[in-house]
Amino acid sequence: MELPLLVAVRSVAPALALGNTVVIKPAEQTPLSALYFAALTEQAGFPPGVVNVVTGFGEEAGAPLASHPDVAGITFTGSVETGKTVAKLGADHIAQVNLELVARAQ
């Protein structure tokens, strides 16, 4: 349970420190840690809308986020296959894309 939260925090913290708003789209298997993190940021005094969470499957939730022209930066941790898709979606509108990809053992 700690790993999904750690992955989110290490990506979100620098963005928040620079004054950006963030949208976290957690893996569909682990949405609760991101929702809890967002609740903690609100309790800590962050204004509403600074930390946002969108849950759902990649095709319905992640792809529209990655391809949205107002999204300036994307950080993705996951499979090589999905990372390729995220990179292509971000490239269409010149978003900064950071990928941490995990190759699956064959």
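The values are calculated or read from the model by the stated rules, or taken from the named source; none is laboratory data. Keep in mind that this is a model prediction, so the values were computed, not measured. Using ideal geometry, Cβ is built from the backbone for each residue, glycine included, and neighbour counts are taken over all protein chains shown. Just so you know, the surface numbers come from the protein's heavy atoms only, side chains and all, with ligands and any DNA or RNA stripped out. Shrake-Rupley method; radii C 1.70, N 1.55, O 1.52, S 1.80 Å.
Key figures
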item: Yes/no for Ala15 being of a type outside the set (S, T, N, Q), surrounded by 12 or more Cβ atoms within 10 Å (Cβ to Cβ) and more than 24 Å from Gly83 (Cα to Cα); result: no
item: Residue tally, condition farther than 17 Å from Ala61 by Cα and either of a type in the set (Asp, Glu) or touching a Gly at 6+ places or on another chain (Cβ under 9 Å) (or both), over the stretch 83-96; result: 3
item: Set Val22, Val7: member being modelled with pLDDT of 95 or more and either among the small types (Gly, Ala, Ser) or buried (at least 17 other Cβ atoms within 10 Å of the Cβ) (or both); result: Val22
item: Failed item, numbered, when Leu65 is tested on (1) assigned to a helix (DSSP H, G or I); (2) open to solvent by 40 Å² or more (accessible area, probe 1.4 Å); (3) in contact with a helix residue (DSSP H, G or I) (Cβ under 8 Å, 6 or more places away or on another chain); result: (3)
item: Residue list for the stretch 24-59, filter: more than 13 Å from the chain's Cα centre (by Cα) and assigned to a loop (DSSP other than H, G, I, E, B); result: Gln29, Ala44, Gly45, Phe46, Pro47, Pro48, Gly49, Val50
